[in-house]
Structures are given as C-alpha cells and as structure tokens.
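Worksheet: the structure to be examined is printed underneath.
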Amino acid sequence: MKTALILFAHGARDPEWASPMRRVQAVLRGRVPDTPVELAFLEFMTPGLADCVADVVAAGAGRIVVLPMFIARGGHLKRELPEMLAALRSTYPEIDFSLGNAIGEHEIVVQAMAEAAMLVAGSELA
C-alpha cells in the first residue's frame, strides 16, 4: 500500500511564511523520493487539506499520514482538524488515515529548539 505524507500547516497571508515548511518538504522529498510528501494549509494558503488528499488519492495513495506542523495542540488541532479528518474518512472510506502529533511536541524538536535558543543567546546563557 502506497503511503503519502501530508505536512499540515496553519498558513498565513504572507507567502514567505511558508518557506520553512517548504524546506522541510524538500528535505523529506530528498530523503524518501518514492513517497509523496505534500504540504497543505488550514487557511490563507493553498492547497487546503481536502484538495491535497484528493491529489494523493488520485496518485494512488492507500494510506495518508497527516503531520501537523504546529508547535503544540491548540484549538485548530483539537477541534478543526479532527472534524476535517472525519469528513475525509467519510469521503474516502478505503483510505487509511493516520494523524501524527503536533511536530513541536516531539522530543527531538523540543531539543532542537532549545539548542537553537542557546546558539542565538550565545554566551549570555552561560
């Protein structure tokens, strides 16, 4: 069964906001070239999650992993995203959907943010 990974980000009116998300997408595409890695947005930017899912299903994905590119689980991830996934599961009952934790809740990301903060602050933290 072909798996697709959808990075799900908030979105913003400023197109430059998505640059770090697109960099993550590019790194992943380089590391797993046979796996579709797409980027979808909750609002302000396209594609939205439903359009992104339609595209990867049309390309043959039987399993879709949605990874929220959020620092933590707030209202969007507690309420809106589960509702969106319920609708998608209804539309595509043959697809196995999996929802990951917010990227910022993974320990490796917490450690990377702490390391970046220490590098930015430099000797002032010593």
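Values in this text are rule-based calculations from the coordinates and carry no lab data. Owing to the predicted nature of the structure, the values given are computational and were not obtained by experimental measurement. Methodologically, a virtual Cβ is constructed for each residue, glycine included, from the backbone with ideal geometry; neighbour enumeration extends over all protein chains shown.
Here the chain is treated with +1 on each Lys and Arg Cβ and -1 on each Asp and Glu Cβ, and its dipole about the Cα centre works out to around 160 debye. Using C-alpha pairs below 8 Å separated by at least 6 residues, the relative contact order for the chain is 27 percent. If you plug the beta carbon distance of residue 54 and residue 119 into 1/(1 + (r/R0)^6) with R0 = 35 Å, you get a FRET efficiency near 0.30. Relative to the dominant Cα principal axis of the chain, helix 107-121 is inclined by about 40°.
3J(HN,Hα) couplings calculated from phi for segment 2-12 with the Karplus curve 6.51 cos²θ - 1.76 cosθ + 1.60 (θ = phi - 60°) are, in sequence order, 6, 9, 10, 10, 10, 7, 10, 10, 5, x, 7 Hz; Gly and Pro show x. Taking one quarter of the surface of the C-alpha convex hull of the chain gives a mean projected area of 9.0 nm². Gyration tensor analysis over the Cα atoms of segment 65-126 returns equivalent ellipsoid semi-axes of 35, 11, 6 Å (largest first, whole Å).
Set against the 2.2 N^0.38 Å expectation for a compact globular protein, segment 51-95 has a Cα radius of gyration ratio of 1.24.
By definition, a body whose alpha carbon gyration tensor gives a ≥ b ≥ c is oblate when a/c is 1.5 or more and a/b is not larger than b/c, and segment 23-68 fits this oblate description.
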